[in-house]
């Protein structure tokens, strides 16, 4: 009688090879398929099995070419289908991915079985990943999972399992949907994680997953798979390789059998597996993992009852499976587990980062760049609605990471790397938050801010603690959990709030400073409360109270960490700061020493007491020294990393962990949680702020606005929500609710700020950075730019005439305009704190020469003049930005720029540098203050003194805001003993309007705006006249003119009479006296009057200072950043 023939697809795999061995032992003729018969190791292994010479026939068959299986199936009585593509064949044009190939493959194999007319039964080997017992609403697991459980496609938050589960689910549906008329019986055998033994030369993926806790970082990616299994199934189903093979044989030999059967005999958690290996291997030299981030609470149990009803009996329990897997490593591999070649080949998506090829890395980089692009364009759109950049990053991250196209291409390894980046970033964030807070604030508490912060914190905490138990927030109700949640809701996202208020331009206002300080106190109270709770309660043990010795260990370790941060770290930092003063490059070894000491101190509590890394980093930063280059560098670099790189990655990770499909929008409890959590956050903070505001005498509007701003939640709150879901403290739906609550608190912030600014404009007089409105009792801030040493004497004379009385004096920021050429760029020294040191010999020599000349002037008689040296080092295209930023940051009232043309030996102006001309034009267009352009024709040839009159200066006043600013500038030196000042006012001669066109022009130009300007001119000039002209300190003359032609001839008549002309650039509402002059201009940036006086055919001894008054621009439209609004 002919022996029964069995076809085993995927015969060289882990389960396939053991099945071939089992079937040959039982006397079956086995047709085994392999992808290639040229792989000698696989072919040799199968041919070396007992009875292989007479009972084994090998066939080449690839799932990407399913027609190959017909020859192998022909003549067989049973087909055991195990072949599954785990890597996509990119050369295949039939299928776009493994899922499509596997589906088509199983259908084709079923067709081959029907065509053969000999196959009685097709047994498909499925995976437990296709049988998740998760409830439909995502609220938890069914008590038991059996054959009725199916994994919903895209049900899992991790893509590898998501792909695999979806793939297996589709295959299982197809495999069990057999047609009774065909006579083909189809069985789907759903197997747990297989372990025990292997005949392969490498460790199979399933065994790697089982024994991964024994190997530390060596098999970390497989340990992640172990954890993910528990997330999907509520446990880790295990089955021995022998039991799996016996189950296949039983299903094959059992007549008239079809349907779906689960084969698994143990269902431990990932934590229980880890603890088993620890307890049973106390002297092991292996790197057994010290912790498990998955809570050990079981979500569900597996059931093989249907298989048992058929008479099947499992012979191996959990201990057998784990012990046999361990023995296999120790006995058969003889310690070769340390050899990376013995580890499984890279055949799955769960590869280490070293296994990523260049194409994969390039793809990920491209994805990151696209993410940044989407964030940018989203921000451009949302900016119309006054939304900050973080909102666009938030939304883009959530949406893109939840697109099916994206989720299907996120491997487990990518998610693991994202997790590492996020965890590291959050630790850095917490450290910088602590570093940004001075411990002295707790000694000298800001009373008002503390009262508001405390009242808002306590009100929100009490409200949350009373209301949240009524909601369905945690999976298992726990008082300690509600306590921790209340502390979290009572906090404020201090770093994010500070960034938003800075971007929205109110951080320097009184209410902005007040809110930021209150937020800092509130955030500190929340984090410190969580730290105390973490010491007392074990979050990984269902919030059970820790033992006394554990609490004592944590407290002692934290005290040691704080002592080192407060006492030892300052010594190291001061030494590094002294060895690396400002302006010099920081030595690499010193930087490494400083960073190593910081990391070492912050790691003490997590390493030795298993304290939270986040909280430990905050406490270390809180007591670290705040001054010096290292601290500034850390704060600047981390903030730059967060704003430019981290936030898009963080929110993408949040979206990848928050499967929006599990939000539960159809469940009313979801919306209940969203509304109540959002209301608790707002009502608690606003109520606390209003109550404290009444005691402090605040207006009710300010109190409400402060409360709304203090309600802001940020990255830490989102991170904790995701972490709680991963630890199965809350459902994924609740986690997403908390993420949305955080987003909602950010969205309304710009609206609150807009209302504050709107009210501030009504209360605060408009301020401009101009000389006309400069308070005489305040120090004047002037920025004077120079191209080189040729401009220094002119700059000194400007300082001399501008200084005014010694009190309050003038602060001059003398700025070198240095073009960043390739030569200079190659000599720049990059500082560790992000600054650059110029080391080019020519630039250094020029700057030193300028400094020496200036210091000589200050030593001789620069009383009342303060000086700081600055540099604008940039390309010609971008230098104007550096100057504008300096003007904004230094609160400058006037910037004085040198004209782009310089005087030659013959007294004429040369063609000049067009690059400097463009800089002047751009600064004029975007100026943050008043601007002066100095056309130097010998103004610096003689130093002005206070002993005798040396220089004659004329102010040409026609009218308009720029001329008024010129007059305000002249007021600074009206009584200087070395200056003879003459004010020449050009007036329209109304008694000599002989021309019809002149009368028509005057009538046309007498608009309401013109009349208002004339009124302002008369008022300001009258004030100037009364102060200086009436007392004889300033000469005054009037020129009555009819048109612009007379204006031109009058200006020409002044040639040679004055050393310096001061004129306004424009702003004259198109006066009759300058009408048409724009058509003649050679240099429009100088204005019509300045252009005439600076012309090449004008006097070679008369310099010109052209002044433009600051125009109101910007988001606050003239409102000073340091406005005051609080009562």
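Quick note: the coordinates plus some simple rules give every number you see, no bench work behind them. For clarity, every value in this text was computed on a predicted model and none was experimentally measured. Note that we place each Cβ from the backbone using ideal geometry, even for glycine, and neighbour counts take in every protein chain shown.
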Sorted by mean Cβ packing within 10 Å, highest first, what order do the peptides 42-51, 417-426 take? 417-426, 42-51
Taking only the alpha-carbon atoms of segment 612-767, what semi-axes of the equivalent ellipsoid follow from 5 times the gyration tensor eigenvalues under a square root, in whole Å, largest first? 30, 26, 16
So, by mean Cβ neighbours within 10 angstrom, what's the order for 221-234, 619-632 with the highest one leading? 221-234, 619-632
Please arrange 807, 275 by how many other C-beta atoms lie within 10 Å of their C-beta, fewest to most. 807, 275
Label model pair residue 3, residue 479: point-to-point distance (7 angstrom along the Cα→beta-carbon line) in nm is 7.0 nm
Cβ density ranking, 10 Å radius, fewest first, applied to 799, 450 yields 450, 799
Any idea what the alpha-carbon Rg over 2.2 N^0.38 Å comes to for segment 882-998? 1.33
Quick one: 571, 739, fewest Cβ neighbours within 10 Å first, how do they rank? 571, 739
Tell me, what is the percent relative contact order of segment 370-757, built from C-alpha pairs under 8 Å that lie six or more residues apart? 30 percent
Determine how many Å³ per residue the convex hull of the Cα atoms of segment 370-757 encloses. 159 Å³
Would you mind telling me the antiparallel percentage of the DSSP bridges in segment 780-1108, rounded to 5? 15 percent
Given 0.36 nm per residue, what is the gain on full extension from residue 942 to residue 376 after removing their alpha carbon distance, in nm? 198.3 nm
P(r) tail for segment 640-726, what percent of Cα pairs lie past 23 Å? 45 percent
With the contact rule set at Cα under 8 Å and sequence spacing of 6 or more, what percent relative contact order holds for segment 718-846? 16 percent
With an 8 Å cut-off on Cα pairs and a minimum separation of 6 or more residues, tell me the relative contact order of segment 580-669 in percent. 16 percent
Modelled FRET efficiency - R0 41 Å, residue 989 with residue 773, Cβ distances, 0.05 increments: 0.80
So, by mean Cβ neighbours within 10 angstrom, what's the order for 865-871, 546-552 with the highest one leading? 865-871, 546-552
Cα shape, segment 679-789, gyration tensor, a/c 1.5 rule: oblate
Wrap a convex hull around the Cα atoms of segment 780-1108, take a quarter of its surface area, and give that in square nanometres. 18.0 nm²
